[in-house]
1. Do you know which of the residues in the range 87-133 that are hydrophobic (A, V, I, L, M, F, W, C) and touching a helix residue (DSSP H, G or I) at 6+ places or on another chain (Cβ under 8 Å) is nearest to Thr52 (Cα to Cα)?
2. Against the conditions (1) under 17 Å from the mean Cα position of the chain (by Cα); (2) free of Cβ contacts under 8 Å to residues at least 40 places away in the same chain, where does Val81 fall short? Just the number, please.
3. Could you list, ordered by first residue, the pairs with Cβ atoms under 9 Å in which the first is in the range 41-58 and in a strand (DSSP E or B) and the second is modelled with pLDDT under 95, at least 6 apart or interchain?
4. I'd like the full set of residues that are modelled with pLDDT of 95 or more, over 11 Å from the mean Cα position of the chain (by Cα), assigned to a loop (DSSP other than H, G, I, E, B) and of a type outside the set (Gly, Ala, Ser), limited to the range 97-129.
5. If only one of Ala183, Ala136 is surrounded by fewer than 20 Cβ atoms within 10 Å (Cβ to Cβ), in contact with a strand residue (DSSP E or B) (Cβ under 6 Å, 6 or more places away or on another chain) and over 28 Å from Leu87 (Cβ atoms), which one is it?
6. Going through the range 106-133 one residue at a time, which ones are loosely packed, with under 14 Cβ neighbours inside 10 Å and among the β-branched types (Val, Ile, Thr)?
7. Right, Ile151: closer than 18 Å to Lys43 by Cβ and not aromatic (Phe, Trp, Tyr) or not?
8. Can you name the residue in the range 155-180 that is at pLDDT 95 or above and small (Gly, Ala, Ser) and is also surrounded by the most Cβ atoms within 10 Å (Cβ to Cβ) among such residues?
Amino acid sequence: MNIRPLLLGLPLLLTGCSALSNFSWPSRWPFNGLGSNLEVSAKGVGDLNASTPMLQSAINAGLGGNYRLRGGMATRNGQVVAYYQALSGDKVKLVIIGQPKGRVQQVEIMDQNVVTVWGSKLGTPFSNMYSKAFGACKLATDEDAGKVACIAEQSKYVTYIFSGKWAGSQEIIPPDDTLKNWAISKIIWHANPQV
């Protein structure tokens, strides 16, 4: 490859593109795809949604190829489910769950780079989103026991798991004064609306 013509043409390219009003260099940077730029909405996570088959190729495409996938089977609520863990390095960043040979039913997000279309992400404080737990939140269960699950105000397809310090019983939701200092530790998208 001859670098010289590229270097000579780069200033011209840059000045020509600077006139474009909505041009974003970071989004066109060739290494941009190495990080996650997924969004969570009522419809799904990235291009994963309720019509995505539980196949590694389909899940990889839905996540834009940003993760290494590891699949398996597990039991949840007495039912056998298929799952794929989406890893970055050795850290699990997402877990995709569905029926074996079925479709995606749930995506659990533990990646700080994944943001909802409403602007919330891991680390967002409870107080930024809710004034009180009543009517929106309940105790989380299973591996999230001791935390609080709250349905997003914008969509019943999205649940936030909040965690924080609480010296009281794990059988009750902490008071709002305590919860206001808790933060999102996981976001869950569901194929079916939550109640």
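1. Taking the range 87-133 and keeping what is hydrophobic (A, V, I, L, M, F, W, C), we get 87, 92, 94-97, 104, 107, 109-110, 114-115, 117-118, 122, 126, 129, 133.
Narrowing the set further to residues that are touching a helix residue (DSSP H, G or I) at 6+ places or on another chain (Cβ under 8 Å) leaves 96, 104, 126, 133.
Working: Ile96: 11, Val104: 6, Phe126: 31, Ala133: 33 Å.
So the residue we want is Val104.
2. (1)
3. From residues that are in a strand (DSSP E or B), the pairs are Val45/Leu38; Leu48/Leu38; Pro53/Lys101.
4. Correct list: Trp118, Thr124, Met129.
5. Details: Ala183 fails: over 28 Å from Leu87 (Cβ atoms).
Exactly one of Ala183, Ala136 is surrounded by fewer than 20 Cβ atoms within 10 Å (Cβ to Cβ), in contact with a strand residue (DSSP E or B) (Cβ under 6 Å, 6 or more places away or on another chain) and over 28 Å from Leu87 (Cβ atoms), namely Ala136.
6. Result: Val117, single match.
7. Details: closer than 18 Å to Lys43 by Cβ: yes; not aromatic (Phe, Trp, Tyr): yes.
Answer is yes for this residue.
8. Once the filter is applied, the top-ranked residue is Ser155.
The values are calculated or read from the model by the stated rules, or taken from the named source; none is laboratory data. Remember, predicted model here, so these are calculated numbers, not experimental data. Glycine also receives a Cβ, built like all others from the backbone with ideal geometry; neighbour counts cover every protein chain displayed. These area figures cover heavy atoms from the full protein model, side chains too; ligands, DNA and RNA do not enter into them. Shrake-Rupley method; radii C 1.70, N 1.55, O 1.52, S 1.80 Å.
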